[in-house]
Every structure is written in structure tokens, then in C-alpha cells.
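The values are calculated or read from the model by the stated rules, or taken from the named source; none is laboratory data. Owing to the predicted nature of the structure, the values given are computational and were not obtained by experimental measurement. Reconstructed Cβ throughout: ideal geometry from the backbone, glycine too, with neighbour counts over all protein chains shown.
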Amino acid sequence: MYDKVHGRLEKFSQTLGDQLEALGIAVQIADRGYDSIDAKQAARLREIQRRAREEYPATKQGQPADQGTGSVEAGSGETGGSGSDFR
């Protein structure tokens, strides 16, 4: 039981760190535009997004997380949109 909880806490901690990093990049995009980030930051943002989608697949409303479809619709790529895929 301890190992399971510990593993989940480690996963949560990694996800939280990733989301904070992504938020920092998103703030820079919101402030200065997408062109203000370099290729390395854009790649990192895509990696964070990919990992989040793998770890926490999308679910339909009212459906338990373990029964979700796992599919996520790609966004327009425009900043500020809820479906943005940062490409």
C-alpha cells in the first residue's frame, strides 16, 4: 500500500512541476505572443502536453476516468483557446 501511494505521489509531483513549467511558458506566450518562445520551449510544451494526455486521458462528462475514450481533439494551435495544441 505504501509503495502504491508513494508512486502516485511521485507521479503527481512530476505532473504538478510540468504544469507549473507549462504555465510559465504560457504566460510568456500570452504576454509577448507565440513567436516569443524558442523551438526548445515549444518542444518542451508539446512534451508536457503529450505526457499529460497519456497520464490523464480525456473523459466524457459523467463517465469515470477509467472508462474514458482517451481521445483528445486537436485545437487550432492559436493561443488562448481551450483546445490549443501549441504547434
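Structure notes:
- In region 1-47, the residues that are in a helix (DSSP H, G or I) and of a type in the set (Val, Ile, Thr): 5, 15, 25, 27, 29
- A search for C-beta distances below 8 Å between a residue of region 10-32 that is farther than 13 Å from residue 44 by Cα and any residue that is among the aromatic types (Phe, Trp, Tyr), counting only pairs 6+ apart in sequence or on different chains, returns 15/56.
- Residues in region 35-50 that are surrounded by fewer than 17 Cβ atoms within 10 Å (Cβ to Cβ) and touching a residue at least 24 places away in the same chain (Cβ under 8 Å): 2 in all.
- Test: residue in region 48-64 that is in a helix (DSSP H, G or I), at pLDDT 85 or above and among the aliphatic types (A, V, I, L, M): yes
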